[in-house]
């Protein structure tokens with residue numbers, strides 16, 4: 001069965017956003033991520049900040065990019081829920097690492113507030129989908 005059809009057949013909460021809104025939001029969020037995460041990786045590569053500050057950013061990207069195949073190809077709600085919790089957890093870790101270790105880059109924390117808010121909301125949606133489709 002087509003993965004889009006499988007996902008469309010899942011029971012979702014009434015407050016789940018439509019697909020077109022999700023796509024539009026991610027366009028903006030990926031621009032924020034590219035600039036802010038790119039800055040962190042550049043600073044780490046040029047040894048201006050410790051690699052341990054960049055680690056949660058790298059893990060966040062890994063978990064973030066793993067979510068669509070898990071949710072839409074495997075259609076594995078439990079694994080998608082675990083993954084999205086890791087997305088939000090590594091983002092919180094990343095922002096904490098910058099805030100406490102690199103005061104000059106605190107703008108990255110502020111820039112990623114929309115990502116954190118969306119990630120938290122998306123986590124609530126995913127956990128609800130997982131619960132409703134158990």
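Residues in region 58-85 that are under 18 Å from residue 40 (Cβ atoms), surrounded by 15 or more Cβ atoms within 10 Å (Cβ to Cβ) and under 9 Å from the mean Cα position of the chain (by Cα): 60, 61, 63, 64. Can you tell me how many residues within region 29-55 are closer than 16 Å to residue 100 by Cα and in a loop (DSSP other than H, G, I, E, B)? Qualifying residue count, region 29-55: 3. Per the conditions (1) surrounded by 11 or more Cβ atoms within 10 Å (Cβ to Cβ); (2) closer than 26 Å to residue 78 by Cβ, the sole criterion not satisfied by residue 48 is (2).
Here, each number is a calculation from the coordinates, and none is a lab measurement. Please read these numbers as outputs of a predicted model, since none were measured by experiment. Because the Cβ atoms are built from the backbone with ideal geometry, glycine has one as well, and the counts that use them run over all protein chains shown.
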